[in-house]
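> This is the structure I want to talk about, given as structure tokens.
Each value in this text was obtained by applying a stated rule to the coordinates, not by laboratory testing. Bear in mind that the values here come from a model prediction, so they are computed numbers and not experimental data. Using ideal geometry, Cβ is built from the backbone for each residue, glycine included, and neighbour counts are taken over all protein chains shown.
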């Protein structure tokens, strides 16, 4: 079973390698989530991780790069886990449903929502934060989903003139009815669709638009 990464957990093995680097990332993630990006210094990260400030800088160089590494770690693992599982699925509807369900589970999970709140509240003061988040989070996932849809077109499962646009459409269809509710912790109303209904509706709309006639 694939472990959910909706809380941006830091794994014990990763391309960042050394246990100290992973410990620093976990400490920084906890601090950023609790206090915000601007309120946390690299000294605080070092203290929480139980390492020297020089060690933090030797691994990540700057607070911006540390934040980007946390986002990259979580989102790269999400894509690495997801797309190989659906690459050889013969039923494109089943594959799209797994992708849409993963978008709902991960991108709308507690951890990513907290990150987005940080971006919205502190991005105007720290524009490098927005760039670090976008370049290491949404952009790589968009590229991976675009590649999947392009291959589905090459294989004749779908007919998509612009796979990048279709990737954006699928994400928007899943996020649209759910994002604001979760972002602001709004209570569900009786007329609100369930996450399952949102996923099914998003997949059906993509299939209706791009299935071969």
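> What do you get for Rg/Rh of the range 96-158 when both radii come from the Cα atoms and Rh is the Kirkwood radius?
Rounded to two decimals, Rg/Rh equals 1.11.
> Take every Cα pair under 8 Å in the chain that's 6+ residues apart, average their separations, divide by the length, and report that relative contact order as a whole percent.
22
> In Å and whole numbers, how far do the C-alpha atoms of the range 87-127 stretch along each principal axis, longest first?
So the three principal-axis extents are 47, 19, 11 Å.
> Under the rule a/c < 1.5 gives rounded, and otherwise a/b versus b/c splits prolate from oblate, where does the chain land using the Cα gyration tensor?
Values: a/c = 2.36, a/b = 1.73, b/c = 1.36.
The shape class here is prolate.
> When Rg is the radius of gyration of the Cα atoms in the range 39-164 and Rh is its Kirkwood radius, what does Rg/Rh come to? Mind dumping the intermediate values first?
On the way: Rg = 17.9 Å, Rh = 16.6 Å.
Across the range 39-164, the Cα-based Rg/Rh ratio is 1.08.
> Right, next: Under 8 Å for C-alpha pairs, at least 6 residues apart: give me the relative contact order for the range 15-61, rounded to a whole percent. Spell out each step's value before the answer.
Details: 30 pairs, mean separation 18.1, N = 47.
This gives 39 percent for the range 15-61.
> So for the range 133-213, considering every pair of alpha-carbon atoms, how many percent are separated by more than 20 Å?
Details: 1357 of 3240 pairs.
Roughly 42 percent, rounded to a whole number.
> Something else now. According to a simple spin-label model (label point 7 Å from Cα along Cα-to-Cβ), what is the distance in nm between residue 179 and residue 194?
Taking the simple label geometry, residue 194 and residue 179 are separated by 2.4 nm.
> Over the Cα atoms of the range 15-61, compute the convex hull volume and normalise it per residue, giving Å³.
67
> Quick one: helix 138-154 against the long Cα principal axis of the chain, what's the angle to the nearest 10°, folded into 0 to 90?
Value to nearest ten degrees: 30.
> Could you give the angle, 0 to 90 degrees to the nearest 10, between helix 163-175's Cα long axis and the longest principal axis of the Cα atoms of the chain?
80
> Could you calculate the contour length gain from residue 208 to residue 44, that is, 0.36 nm times the residue separation minus the distance between their Cα atoms, to one decimal place in nm? Working shown, then result.
Values: separation 164, 0.36 × 164 = 59.04 nm, distance 5.17 nm.
Fully extending the segment from residue 208 to residue 44 adds 53.9 nm.
> If you don't mind, another one. So what's the back-of-envelope 222 nm ellipticity for the chain, counting only DSSP H runs of four-plus at -39500 (n - 2.57) apiece and dividing by all residues, rounded to 500? It would help to have the intermediate numbers written out before the result.
Details: 11 runs with 142 residues, N = 213.
That calculation yields -21000 deg cm²/dmol at 222 nm.
> Against the longest principal axis of the chain, how steep is helix 127-136, in degrees 0 to 90 to the nearest 10, with axes from Cα atoms?
Relative to the chain, helix 127-136 is tipped by roughly 50 degrees.
> Same structure again: How high is the FRET efficiency between residue 58 and residue 168 when r is their beta carbon distance and R₀ equals 25 Å, given to the nearest 0.05?
The calculated FRET efficiency here is 0.05.
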